[in-house]
Structure formats: C-alpha cells, structure tokens
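The block underneath contains the structure these notes are about, expressed in structure tokens.
Laboratory data are not the source of any read-out in this text; all were calculated from the coordinates shown. On a predicted model such as this, the values are computed, not experimentally measured, just so you know.
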Amino acid sequence: MRGVIVGTIMVLCMASAAVAQTVTDPTEIASRLHFWAQDSGQPVYYGEVRNVDARSGQILGHYQCLALAFIKDEGGVISYAHKMWSKSQDGSCHYDDVTSRKVGNHGACVKDSEAGFGAAVGTARMTKTNIDYMHSIFRTVNTTTRRVGETAACIPPNGVGAGLLVMKIENGRLKIITNRPLDYEVNIDPQDPEHPPTQPVF
C-alpha cells in the first residue's frame, strides 16, 4: 500500500513539474505551436492582453481580450494574426462572441472579409475563410532582432513595432511581453475558432 502511495505521489510531482516547466528557447517554443500554413485546421489561441508597468516590468491588470493565430515560422520569424476586444459588462472575455461588437484590427496589411475601409475594425471570427492567410502580410515576432509588430514589407521603410522583452511558455500559457509595454498571454492549447471557448481560458 505504501508503495502505491509513494508511486502516486511521484506521478503527481512529475505532472506538476511538467506543467510548471518554463520554456524560453525560441526554437523550442515554435516547435510547440500550431501554424495555419502547416495545419489542415485553423488553430486559434485564446487569452488576454495585460498592462505592464514600464519601470518595474510587473504585469498589471487586464487590457483587452485576445484571439491569436500563428501563420508560419520562417527562420525564427513567427508571423501572427490577432484580434483584441474589450470585456463585456459582466467582466468576462466572451471568446464565443466576437461578432456582436467591434474588435480591434489585426494588422494594416491583413486581408479580412469584414475589416471595412481604412482604420475600420473587423468583426469576423479568426478563420481561414475570413482571413486571407495566403496573401496577407502579417505582423511578426522576430526572435533574432527582438522586434514585434508590422514589417517593413507592410509599412516601409522600417515597419512599426515594439521591442520583444520576454517570450516563454510557462504554467500552460504562452507569454509575449513587449516594451510597449504589454503582456500578451494565451492558453497554450489552441482551439477551433468555429467552436471557441465559452468560459475563461485561464
């Protein structure tokens, strides 16, 4: 009996260690992500954007709800699409309802079926049908130059972005912190945007 208890404790400890493991190597992080260009599905990660104290680097409170899709990885440059929107009046991020309210746009050069004109914001779900991922110029996370944002191909001559301070997987979340300063956090388990989560993802 004692052996069974000890064995159970060891298994639980190993599981906890796996969950608590922090991954900071960009190549390893990329290997754990699902990209639209390589996936027959359309995996989308859900979470939120949080404010960051510019002086201390401390992560503060909620800024926006977040849906994030990774498009491709080319030599340490990860292309991504994202949409952000405010919490509802009940204080929750409703990931299953991004069509009844405007959501923040996903990039100046992303072709969205419902993006509107100029600075108008889109309301469409993040799906391959709604977003032309084959012909859009997406924002990037450049793990070599440590820059995040629009590329020079989209906004010449130098693009528009922020510095990459932190990128890691920790406690079941992918965290990308920029010197804007903002903290983008999503659950590391992607979902089908046609059936998004109806409850908070973490």
Legend entry - log₁₀ of I(q)/I(0) at q = 0.18 Å⁻¹ - the chain, Debye sum with one point per alpha carbon: -1.36
Inset, instruction - Straight distance only, please: which lysines reach the Cα of Lys168 with their own Cα at less than 20 Å, same-chain residues fewer than 8 apart left out? - result: Lys72
Inset, instruction - Using only Cα atoms, tell me the angle between helix 2-20 and the longest principal axis of the chain; keep it within 0 to 90° and round to the nearest 10. - result: 20 degrees
Inset, instruction - With θ set to phi - 60°, apply the Karplus curve 6.51 cos²θ - 1.76 cosθ + 1.60 along the stretch 68-79 and write out the HN-Hα couplings as whole Hz, x wherever there is a Gly or Pro. - result: 9, 10, 9, 8, 7, 10, 10, x, x, 10, 9, 8
Inset, instruction - Any of Lys87/Lys128; Lys83/Lys111; Lys83/Lys128; Lys83/Lys175 with alpha carbons more than 19 Å apart? Name them for me. - result: Lys87/Lys128
Inset, instruction - Divide the volume of the convex hull of the Cα atoms of the stretch 112-202 by its number of residues and quote the answer in cubic angstrom per residue. - result: 139 Å³
Legend entry - the stretch 83-192: relative contact order as a whole-number percent, Cα under 8 Å and 6+ apart: 14 percent
Inset, instruction - Among Ser56, Ser31, Ser88, determine the one that fluctuates most according to a GNM of the chain built with springs between C-alpha atoms less than 10 Å apart. - result: Ser56
Legend entry - Placed amide H near Ile188: partners under 5 Å, 5+ positions off or other chain: Arg173, Leu174
Legend entry - Cα centroid of the stretch 169-202 to Cα centroid of the stretch 143-158, whole Å: 22 Å
Inset, instruction - Please list, in chain and number order, the residues 5+ apart from Ser136 or on another chain whose amide H is under 5 Å from its amide H, with Hs placed from the backbone. - result: Lys111
Inset, instruction - Could you list which residues have their amide H under 5 Å from that of Tyr63, counting only those 5 or more apart in sequence or on another chain, with H placed in the peptide plane? - result: Val49, Arg50, Asn51
Legend entry - Per-residue HN-Hα couplings for the stretch 89-94 [Karplus 6.51, -1.76, 1.60; θ = phi - 60°; Hz; x = Gly/Pro]: 4, 7, x, 10, 8, 9
Legend entry - Estimated [θ] at 222 nm from DSSP helical runs (n ≥ 4, -39500 (n - 2.57)) normalised by residues in the chain, nearest 500: -4000 deg cm²/dmol
Inset, instruction - Return the sequence-ordered ³J(HN,Hα) values of the stretch 55-63 in whole Hz as given by the Karplus equation 6.51 cos²θ - 1.76 cosθ + 1.60 applied to θ = phi - 60°, using x for Gly and Pro. - result: 7, 8, x, 6, 6, 9, x, 4, 10
Inset, instruction - Name the most mobile residue of Ile155, Ile188, Ile176, meaning the one with the largest mean-square fluctuation, in a Gaussian network model of the chain with Cα contacts below 10 Å. - result: Ile155
